[in-house]
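Input: a single structure, listed below in structure tokens.
The values are calculated or read from the model by the stated rules, or taken from the named source; none is laboratory data. Since the model is a prediction, treat every value here as computed from it, not as a measurement. All Cβ positions, glycine included, derive from the backbone under ideal geometry; neighbour counts span all protein chains shown. Just the protein is used for accessible areas: all its heavy atoms, side chains included, with ligands, DNA and RNA removed. Shrake-Rupley method; radii C 1.70, N 1.55, O 1.52, S 1.80 Å.
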Amino acid sequence: MTQIKRNWKRNLSLGLILLIGIGITTERVVAYQISQITHPSRVISSSMQDGNGQPLKRVVLNTSDGLNLAAWYIPPRNGVAIIVQHGYRANAQQMLPIGLMLARNSYGVLLFDFRAHGESLGDVVTLGLNEVKDTEAALNFL
């Protein structure tokens, strides 16, 4: 009977240690994944040029929480400007073909790098929570 109790206690202890180990490992894996999502690798824009090889006008957008965002602006010829936004893990340059198509059709275009993307300041992507401030900065510029 004493041997059974000892084995039971030992097995319970080993089981708890195993569960704690699995929990710690899972926590670290989840923390790593979250870090990868909120801190993506930056894709830096190379030369931002119009269809004729001329550089686009470089501007800086200021967010309400104090970040400076890299942006490029093509003034409108028809009085209408459009903000063109890139997706997650991208940058403004990847949207340039769309922006140039709009500009060829007389629209003004504002392209910018969201926070923690491209050439803009910021270290953390909040998947929309704070990126709203980036869009507000673009609207304020226009």
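One line per residue, one yes/no per condition, for (1) at pLDDT 95 or above; (2) touching a Leu at 6+ places or on another chain (Cβ under 9 Å):
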{"position": "72", "(1), (2)": "yes, yes"}
{"position": "78", "(1), (2)": "yes, no"}
{"position": "82", "(1), (2)": "yes, yes"}
{"position": "94", "(1), (2)": "no, no"}
{"position": "105", "(1), (2)": "yes, no"}
{"position": "108", "(1), (2)": "yes, yes"}
{"position": "115", "(1), (2)": "yes, yes"}
{"position": "134", "(1), (2)": "yes, yes"}
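Could you say whether any residue in the stretch 73-87 is open to solvent by less than 30 Å² (accessible area, probe 1.4 Å) and in contact (Cβ under 8 Å) with a residue 40 or more places away in the chain? No, the stretch 73-87 has no match at all.
Looking for something open to solvent by 80 Å² or more (accessible area, probe 1.4 Å) and of a type in the set (Asp, Glu) - is there at least one such residue anywhere in the stretch 116-134? Yes: the stretch 116-134 contains one or more residues that are open to solvent by 80 Å² or more (accessible area, probe 1.4 Å) and of a type in the set (Asp, Glu). For the stretch 40-70, a residue qualifies if it is in contact (Cβ under 8 Å) with a residue 12 or more places away in the chain, over 14 Å from residue 120 (Cα atoms) and out of contact with any Leu (no Cβ under 9 Å at 6 or more places or on another chain), and the qualifying residues are 57, 64.
If you go through the stretch 88-105 one residue at a time, do you hit one that is open to solvent by 30 Å² or more (accessible area, probe 1.4 Å) and touching a Lys or Arg at 6+ places or on another chain (Cβ under 8 Å)? Within the stretch 88-105 (the criterion being open to solvent by 30 Å² or more (accessible area, probe 1.4 Å) and touching a Lys or Arg at 6+ places or on another chain (Cβ under 8 Å)), the answer is no, since none of the residues qualifies. Within the bounds of the stretch 114-125, is there any residue that is within 19 Å of residue 52 (Cβ to Cβ), among the aliphatic types (A, V, I, L, M) and either in contact with a Ser or Thr (Cβ under 6 Å, 6 or more places away or on another chain) or not in a strand (DSSP E or B) (or both)? No: the stretch 114-125 contains no residue that is within 19 Å of residue 52 (Cβ to Cβ), among the aliphatic types (A, V, I, L, M) and either in contact with a Ser or Thr (Cβ under 6 Å, 6 or more places away or on another chain) or not in a strand (DSSP E or B) (or both). Could you tell me how many of the residues in the stretch 76-95 are in contact with a Gly (Cβ under 6 Å, 6 or more places away or on another chain), more than 21 Å from residue 130 (Cβ to Cβ) and not in a strand (DSSP E or B)? Going through the stretch 76-95 one residue at a time, the tally reaches 1.
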